[in-house]
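What follows is one structure encoded as structure tokens, with my remarks underneath.
Taken together, the values in this text are just the output of simple stated rules run on the coordinates, not laboratory data. Computed from a predicted model, the values in this text were never measured in an experiment. Here the Cβ positions follow ideal geometry from the backbone for every residue, glycine too, while neighbour counts run over all protein chains shown.
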Amino acid sequence: MTQVDRKSAILSAALAVFSEKGIEATSIEDIRQRSQASVGSIYHHFGNKEGIAAALFAQGLDGYWQQIKANVAQAGNAEFAIHAIVSTHLNWIVEQPDMARFLFARRQAVSAEHDDAIRQRTASHFKEVFEKLKPWFKQGVLRRLPIELYGPLLLGPSQELARNWLGGRIAFNPLTAVDELSSAAWRTLATNPAHTGVSFGGSKA
């Protein structure tokens, strides 16, 4: 097994144990047993349990944002870009509920020593998505607002729905609400919601 494969196996094992026992109750020995890695290998790659959790969080975060960026890049107009963000967000959560629960448990998952790095990583991903939306801001298709507002306006309702679904508080599939939630985000962010966006350099997603 390569070093990359070994690290991946340890992270997969950690997610499984975190999901079963909770982050705080999980020990290095639990992860070692599940991954079949040596204690030395675990400490070599991650240092401690906090290092494992931070690496797992970064892995999940990167996978989530990479899908969003890829799908937004295929959108030929602003409305489809907004739909792509909301749709990808909910699809990713439904497809990877254990990882989604782990990311939602950020306060328990990310220790203080790793928090700044995770914040910077998140900000960098969001900036890349924001850059893809910039042409529509310049064209006047999307409203110009403080950047801190776009995340809550885009995904606030979807986040709440996802939390309730992951917590077993709603029974219906969140994907059935994608069109409704993306339409609501579009109406909130578009300067003229009746306008379907300005196509540039691509086709509709």
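Summary table below
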read-out	value
Segment 99-180: chymotrypsin sites (Phe, Trp or Tyr not before Pro) falling in loop per DSSP and having at most 11 other Cβ within 10 Å	Phe172
Radius of gyration and Dmax over the Cα atoms of the chain, both given in Å	19.1, 60
Cα-Cα over 21 Å, subset of Lys49/Lys69; Lys49/Lys127; Lys69/Lys127	Lys49/Lys69; Lys49/Lys127
Phi-based couplings in Hz for segment 48-65 (Karplus 6.51, -1.76, 1.60; Gly and Pro marked x)	7, 5, 4, x, 5, 4, 5, 5, 5, 4, 4, 4, x, 4, 4, x, 4, 5
Alpha carbon convex hull of segment 1-47, volume per residue in cubic angstrom	60
Charged-residue dipole, Cβ positions (Lys, Arg, Asp, Glu), segment 54-189 about Cα centre, Debye nearest 20	320
Charge-dipole axis of the chain as Lys and Arg at +1 and Asp and Glu at -1 on Cβ define it, positive-most pick from Pro135, Ser182, Ala75	Pro135
Contact order normalised by residue count of the chain, Cα under 8 Å, 6+ apart, percent	29
For Leu142, distant residues with modelled amide H under 5 Å away	Phe137, Thr191
Segment Gln120-Gln159, length gained on full extension (0.36 nm per residue, minus Cα span)	12.0 nm
GluC sites (Glu not before Pro) within segment 12-110, DSSP loop, no more than 14 other Cβ atoms inside 10 Å	Glu24
Shape of segment 83-150, Cα gyration tensor, a/c cut at 1.5	oblate
Charge-dipole axis of the chain as Lys and Arg at +1 and Asp and Glu at -1 on Cβ define it, positive-most pick from Ser87, Gly167, Ala13	Ser87
